[in-house]
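Scroll down for the structure; my scribbles are underneath it.
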Amino acid sequence: MKKILVIHGPNLNLLGEREPGVYGSDTFDSINDEILAIAVEKGLHCEIFQSNHEGEIIDQLHLARKSFDGVILNAGAYTHYSYAIRDAIAAIKIPVIEVHLSNIHARDEFRHTSVIAPVCVGQIAGFGKRSYFLAVEAMKEMLEDAK
Ligand code: DQA
């Protein structure tokens, strides 16, 4: 069974109460429950990690390279400026899919840049919690193709 890791970055633990007009009113826990249910349906082993700290996200990416087949990453605001997270993604061989709930390209100017995009296999943004679900589906199909 293929194993995937979902990493949520800073402030995403507050989903549900954080700017619901932008990020929706579903809670962090309920979104995670849905992600897990979809992964099970797709025959994937899925684990979820959240951190508000850059170094912890980097540590998880390093650990994932040995024990997971792919990573779905919402790096939150680190997306826009963390060269350290970008380098960590570039350093590992497993595919990383970049995810955002909001359409970062339609928001503040500083959100239009993703420094991690060039080292991710693709980006899914703007579909709310469905961005994660689409990423699980894409990862499943990609891992199947790689067989
Ligand atoms: C986000 C978009 C980022 O710009 C923001 O800093 C976040 C969430 C999203 O999921 O839409 O924290 O990654």
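The values are calculated or read from the model by the stated rules, or taken from the named source; none is laboratory data. Everything numeric here is computed off the predicted structure, so don't read it as measured data. Neighbour counts run over all protein chains shown; Cβ positions are idealised from the backbone, glycine included. To get the accessible areas, we keep the full protein, side chains included, count just its heavy atoms, and leave off ligands, DNA and RNA. Shrake-Rupley method; radii C 1.70, N 1.55, O 1.52, S 1.80 Å.
Right, His53: within 15 Å of the ligand (Cβ to nearest atom), more than 18 Å from His100 (Cβ to Cβ) and out of contact with any Cys (no Cβ under 6 Å at 6 or more places or on another chain) or not?
Here the answer is yes, as His53 does meet what is asked.
Scanning region 120-147 for residues that are of a type in the set (Gly, Ala, Ser), open to solvent by 70 Å² or more (accessible area, probe 1.4 Å) and modelled with pLDDT of 95 or more yields a total of 0. Looking at region 132-144, is at least one residue of a type outside the set (Lys, Arg) and either near the ligand (Cβ under 10 Å from one of its atoms) or part of a loop (DSSP other than H, G, I, E, B) (or both)? Yes, some residue in region 132-144 is of a type outside the set (Lys, Arg) and either near the ligand (Cβ under 10 Å from one of its atoms) or part of a loop (DSSP other than H, G, I, E, B) (or both).
Evaluate region 84-99: report whether one residue or more is over 21 Å from Ile4 (Cβ atoms) and more than 12 Å from the ligand (Cβ to nearest atom).
Yes, region 84-99 has at least one match.
Where helices (runs of 4 or more DSSP H) fall entirely within region 1-119, those with at least 1 residues that are open to solvent by 40 Å² or more (accessible area, probe 1.4 Å), touching a residue at least 60 places away in the same chain (Cβ under 8 Å) and within 29 Å of Glu144 (Cα to Cα) are at 28-41, 54-67.
Yes or no, residue by residue, for (1) more than 14 Å from the chain's Cα centre (by Cα); (2) over 20 Å from Gly55 (Cα atoms); (3) not hydrophobic (A, V, I, L, M, F, W, C):
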site	(1), (2), (3)
Val71	no, no, no
Asn74	no, no, yes
Thr79	no, no, yes
Ser82	yes, no, yes
Arg86	no, no, yes
Ile89	no, no, no
Val99	no, no, no
Ala106	yes, yes, no
Glu109	yes, yes, yes
